[in-house]
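Since every read-out is calculated from the coordinates, none of them should be taken as a lab result. Note that the coordinates shown come from a computational prediction; the quantities given were computed from them, not determined experimentally. Note: ideal-geometry Cβ built from the backbone for every residue, glycine included; neighbour counts use all protein chains shown.
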Amino acid sequence: MKRKPGIAALILAISAGLAWHNHQQLAVSRATRDKLLDQAASRGITVDPQNPTSVILPSKLPRPNREEETRQLATSFIAYIDEMRPKAGSLDASDPALREKITHQMDQLLGLDAGQWEMLIREVFTRTDHPPTYQGLIGLALRQLAKDHPDRALAVLLDTQGLLDTLEWMLPLSVVSETTRQMVARDPQAALDWFTANRAKLRPDLLQSATRDLIAGIGKQDPRQALKLIDEFKPSQPEALIPMILARTTPEERNSSLAVLREWQVSRQAPAGDKAHRGALEVLAFGLDSSLPDRHGEYTPSAAWMAQADLTTEEYQIIGENLTNRIDLKDGGQWIEWLHEHLDEETARDQSQNIFSQWLSTDYEAVGHWLEEHPDSPDRDRMVHDLVERISLRDPELAARFAQGSPEKSPQEPGTAEGAASVGMGSGVGPMIGNGEAEQSEK
């Protein structure tokens with residue numbers, strides 16, 4: 001009969017859910033019992049687990065055979081899965097007998113030590129005719145082992161002949177990623193040593209995952225070393241890793257990251273403003289959280305940091321060339337002024353138009369208030385013209401007020417279909433919206 005790999009995972013998920021509350025009570029009871037047994041043992045008194053009323057001297061107590069216990073548990077759990085698999089679609093979670101059996105099985109599993117988890121994985125893998133059927137159990141065992149011994153979990157996965165190739169690809173990928181992060185968080189140097197010694201055993205997708213997790217984890221503590229590892233191990237898409245490595249919270253930390261970035265940029269001899277360089281500068285300039293790459297930077301703290309960071313003209317240019325995608329549009333007017341202060345005329349004009357067009361689409365009234373306070377200039381005249389075109393149907397009163405003072409105003413009165421139809425001389429976004437409104441009006 002063909003066995004379905006997902007059934008074991010389903011059974012284990014049901015088992016874990018049903019056993020959770022009972023297992024908490026069992027854990028408390030076991031802790032109390034173990035404490036009492038320890039006190040008795042310290043006085044030379046031992047209780048036979050099979051006969052709690054009798055007292056056995058330590059010299060008479062047989063030494064437990066942990067390997068045999070684990071083999072028996074593997075046999076029991078394999079039989080349990082085989083028994084439950086046909087019933088997976090009709091399990092009654094409220095059945096007391098089922099709850100008791102599941103609780104007993106889970107309690108046995110969760111009481112294993114690291115060595116027993118290792119043996120259980122190998123026993124289940126080698127003794128079943130179709131190991132993928134038992135992936136749920138193997139995955140549970142690997143993750144439990146990785147909680148306190150991530151290096152041993154990876155050793156079992158990589159050194160058990162045939163295991164890695166037999167399991168579905170997503171399970172090893174998640175285990176390698178989780179365990180690498182755990183190792184780095186506990187001891188970055190030990191994690192690096194392990195990776196260096198074992199990277200040849202990893203298939204390509206696992207190697208990329210482990211490389212990225214290792215570098216990102218080390219970068220939280222030592223960004224300079226992490227950037228060197230990028231050059232050494234050459235992970236895919238390094239530009240996505242750089243912001244994660246350099247992202248910091250306080251201005252002082254961002255200053256340190258900027259110094260590290262400048263050193264690295266010189267050492268790698270890459271063109272200024274490439275994806276990695278640009279992404280890192282943007283994260284530093286706007287104080288973006290690397291876990292929230294789409295968050296927009298606010299003007300006041302961003303401009304303040306850049307002002308004190310002693311940025312070069314080239315760095316200002318790189319940051320400003322993609323400004324539209326990184327700022328909060330409620331600060332659009334301030335950013336437009338910032339562009340003209342720090343960038344060359346052509347770039348400042350192009351980026352200002354991009355910001356203005358998007359800002360006009362989201363809050364034209366705020367744009368109007370800003371233009372009223374903005375001094376006369378060719379840029380202001382062009383923006384007023386765009387404003388009139390874009391809002392001629394939506395807010396004819398405001399459009400008329402600006403049109404009266406605009407040297408580039410349309411010859412037609414705003415608020416009419418003719419006025420809307422004349423749209424086409426402003427920004428690329430403006431004509432589309434203006435014409436759309438005119439078409440809707442005609443309908």
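Quick rundown of the values:
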{"quantity": "Relative contact order of the range 180-235, pairs being alpha-carbon contacts under 8 Å that are 6 or more residues apart, as %", "calculated": "34 percent"}
{"quantity": "Among 356, 259, 342 - extreme Cα towards positive end, dipole of the range 252-399, charges at beta-carbon", "calculated": "259"}
{"quantity": "The range 196-251: trypsin sites (Lys or Arg not before Pro) falling in loop per DSSP and having at most 16 other Cβ within 10 Å", "calculated": "220"}
{"quantity": "Cα centre as origin, Lys/Arg/Asp/Glu Cβ charges: the range 180-235 dipole, Debye", "calculated": "100 debye"}
{"quantity": "Interchain or long-range residues, amide H under 5 Å from residue 297's placed H", "calculated": "327, 328"}
{"quantity": "All aspartates and glutamates inside 15 Å of residue 201 as judged from Cα atoms, apart from same-chain residues fewer than 8 positions distant", "calculated": "151, 159, 165, 193"}
{"quantity": "Selection from 217, 202, 192 lying farthest towards where the dipole of the range 180-235 points positive, charges on Cβ", "calculated": "202"}
{"quantity": "Cα gyration tensor of the range 180-235 - equivalent ellipsoid semi-axes, whole Å, descending", "calculated": "16, 13, 9"}
{"quantity": "For peptides 265-278, 375-388, 162-175, sequence by mean Cβ density within 10 Å, most packed first", "calculated": "375-388, 162-175, 265-278"}
